[in-house]
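The values are calculated or read from the model by the stated rules, or taken from the named source; none is laboratory data. Keep in mind the model is a prediction, meaning the values are calculated, not measured. Note that each Cβ is placed from the backbone with ideal geometry, even for glycine, and that neighbours are counted across all protein chains shown.
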Amino acid sequence: MASLLVFLGYDPSTNTRLPLMSAISRHTIRSSVFAKYQPIINLSTNRIVGCEALARWRADDGCETSIEPVIDELESQEDLALELTTCMFTCLKADLGTLLIEHPTFSVSVNLPPIVMGKNKILPVLEKLGLMPHLPQLTGEITERQALNEQGREAIRQARQLGARVAIDDFGTGQSGLQQLIGLEVDTIKIDQSFIRQLGTNIAAERLVRGIAALATILKVDIVAEGVETAEQASFLRAIGIEKGQGWLWSKALNPTELREWLS
C-alpha cells in the first residue's frame with residue numbers, strides 16, 4: 001500500500017503529498033525544488049569537511065519532502081533531469097558560493113544524472129553560474145547501478161574532464177564485479193546506508209563493510225559511510241580505516257544558514 005501511495009503522489013513517511021509525475025514540468029521543478037545540505041564528517045577529527053546537496057520539494061501548503069520517490073522517473077526524462085540539475089547548481093551557487101570561497105578545502109557533492117552529464121549539458125550551466133573555478137570542490141555523485149552502463153561511464157568521463165571529482169553512491173547495492181570497478185575512474189565510494197545500519201547486529205554486513213574499506217584502499221579512492229546513526233557505528237568505521245561519515249549521528253540535512261553555523 002505504501003509504495004502505491006507514493007506512486008500516486010503521497011509520501012506516508014512524511015505525511016506530505018508529492019506531485020504526480022504527469023504534473024511535473026520544468027516550471028514546477030524551477031518553482032518548487034530547493035536544496036538542503038547534509039554534513040560529511042571526518043571521523044578522526046569529528047569536524048565537518050563537506051556536505052551533500054539533497055533535493056527537496058516544497059508543496060503549495062509549505063510542507064517539505066524529499067523527491068526521492070520520483071527521482072528515477074525524473075532522471076529518465078532528459079528535459080526534467082536537466083532542469084533538476086540546473087536548479088540544484090543554482091541553489092548551490094546562491095547558498096554556498098561565498099562559503100566555497102571562504103573555505104577552499106570544503107567539498108560539496110551533487111547528484112549528476114547520466115542522461116544529462118553523459119551528453120555534456122552541464123558545462124553551460126556551470127559557466128553561466130560562475131561555478132567553474134570551484135570544480136575541484138564539487139563531487140558529482142552517480143549510483144553504482146548507473147555507473148555500470150555506457151551512459152554512466154560516459155558521464156564519469158565527462159565529469160572528470162571538466163575537473164570535478166566523481167563518487168559512486170549507494171555502493172554495495174548494485175551488481176558490480178571487481179573488474180568493472182577497476183575500469184571506473186572515480187575518486188570516492190559511498191557505502192550504502194543499508195549496510196551501515198546493520199553494523200553491530202549483522203556479522204555479514206560488518207564483513208562486507210570491511211571488504212569495501214579494503215577495496216577502497218586497493219583502488220586508492222576515498223570512502224564515505226552513509227546513514228551513520230550511532231556512536232558505535234562511527235567507532236567501528238573509524239577502527240577499520242574509513243575516514244568520513246554522513247548521517248543523523250551528526251546532523252540531518254541543513255539549510256544554508258545552519259550549515260554556516262556548523263562551519264563557524
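What the table shows:
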| read-out | value |
| --- | --- |
| Odd one out for Ala239 among (1) more than 30 Å from Lys93 (Cα to Cα); (2) in contact with a Lys or Arg (Cβ under 8 Å, 6 or more places away or on another chain); (3) modelled with pLDDT of 95 or more | (2) |
| Selection count, the range 35-94, where residues are in a strand (DSSP E or B) and among the aliphatic types (A, V, I, L, M) | 8 |
| Ala59 within 16 Å of Thr28 (Cβ to Cβ), among the aliphatic types (A, V, I, L, M) and exposed (fewer than 15 other Cβ atoms within 10 Å of the Cβ) | yes |
| Selection from the range 119-136 of residues that are under 24 Å from Glu226 (Cβ atoms) and crowded, with 20+ Cβ neighbours inside 10 Å | Ile122, His134 |
| Which listed residue is without any contact (Cβ under 8 Å) to a residue 60 or more places away in the chain and on the phi > 0 side of the Ramachandran plot, from Gly118, Gly97, Gly163 | Gly163 |
| Among residues of the range 108-142, those that are modelled with pLDDT under 85 and of a type outside the set (Lys, Arg), counted | 3 |
| Condition met for Ala231 (under 30 Å from Glu64 (Cα atoms), more than 19 Å from the chain's Cα centre (by Cα) and modelled with pLDDT of 95 or more) | yes |
| Count of residues meeting criterion [within 22 Å of Val166 (Cβ to Cβ) and buried (at least 17 other Cβ atoms within 10 Å of the Cβ)] in the range 201-218 | 4 |
| Selection within the range 24-45 - without any contact (Cβ under 8 Å) to a residue 12 or more places away in the chain and surrounded by fewer than 13 Cβ atoms within 10 Å (Cβ to Cβ) | His27, Ser31, Thr45 |
| The range 241-255 - residue that is in contact with a helix residue (DSSP H, G or I) (Cβ under 8 Å, 6 or more places away or on another chain) and surrounded by 17 or more Cβ atoms within 10 Å (Cβ to Cβ) and, of those, farthest from Ser66 (Cα to Cα) | Ile242 |
| Test: residue in the range 75-90 that is closer than 23 Å to Pro256 by Cα, surrounded by fewer than 14 Cβ atoms within 10 Å (Cβ to Cβ), touching a residue at least 12 places away in the same chain (Cβ under 8 Å) and over 15 Å from the mean Cα position of the chain (by Cα) | no |
| Evaluation of Leu96 against (1) modelled with pLDDT under 90; (2) crowded, with 18+ Cβ neighbours inside 10 Å (one fails), failing number | (1) |
| Members of the range 62-74 found to be exposed (fewer than 14 other Cβ atoms within 10 Å of the Cβ) and either among the hydroxyl-bearing types (Ser, Thr, Tyr) or within 16 Å of the chain's Cα centre (by Cα) (or both), listed by number | Asp72 |
